[in-house]
Amino acid sequence: MIITSWRLLFPINGVNLCTSFYYRRLATTQESISKLKRNIEKNILPPKPKKPLNVFMQYFLSMKDKLHKEYPNCTQQDLVKKVAKQWAHVEPTVKQNLQKQYMEQHSVYKQKLMDYKNSITDDQQMLIKKELVKKEHALEKSQVKQKLAELGKPKRPLTAFILFVQDNKMSKDSHVSQQDWLSNLGKEWKNLTMEAKSKYITDAAQLSEKYKVEIKKWEENMIREGHQDLLKSTLKSKHDVDIDKHKK
């Protein structure tokens, strides 16, 4: 699903979009989805068994305390570099013992991981899938919104009430919270006479008409440039298809 989405957002043959850019953004998105999945699993499932440390890291930990005493002012990164130099001269028998220890730990890890996967219930898997679909659509929506802004999509016009709020923003008391201030303005707006509201209603109507002209012109331009898949009607139908697939 996510690959299809990015083909829609960044068509390989699209205007001014090169192939390398497409694949770079696609890789970033796949990483984002993988991260989303891991975060969802953390919230739903018990912790996964941890992989054993590799042979070098086990050796590093065995030397760490000694090195800290010898080089108290060294950073962790510097200590790793020092151990890396020593590692090349470590006796083969020491490396073999560490390798044997690692293989034993890895064997235990594999069994724990298998038991862990077998313990995941169908309900948990279904819940993960549902949450992932929701997060994917939220991510896609955010990416589409960003892309539309880059392509110069006209902003929606302000409503009459928002124009009224803008007219009164200079009178806001700094001691009153934003929420309370807006709530009070809402009550004030509700009690305004139609005559007092008419200016804002007229201005909002004019902005709306201007927006209709601009959005139509922009959509026509998007179609000419090969970005018709970004238009709202197309995205909506795609979203519905994805939801239907998930339900099945």
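No lab work stands behind these numbers, since they all come straight from the coordinates. What you see is a predicted model; the values in this text were computed from it and never measured. No Cβ is skipped: glycine too gets one built from the backbone with ideal geometry, and neighbour counts run over all protein chains shown.
Quick notes on this one:
- Listed by chain and number, the aspartates and glutamates placed with their C-alpha closer than 15 angstrom to that of residue 212 are 203, 220; residues fewer than eight positions away on the same chain are left out.
- Rounded to whole Å, the principal axis extents of the Cα atoms in segment 53-119 read 47, 26, 15, largest first.
- Taking label points 7 Å from Cα along the Cα-to-Cβ direction, residue 30 and residue 202 give a separation of 5.9 nm.
- Residues of type aspartates and glutamates that residue 35 reaches as a straight line, Cα spacing below 14 Å, ignoring anything fewer than 8 places off in the same chain: 131, 136
- Listed by chain and number, the lysines whose C-alpha is less than 19 Å from the C-alpha of residue 100, apart from same-chain residues fewer than 8 away, are 50, 51, 110, 112.
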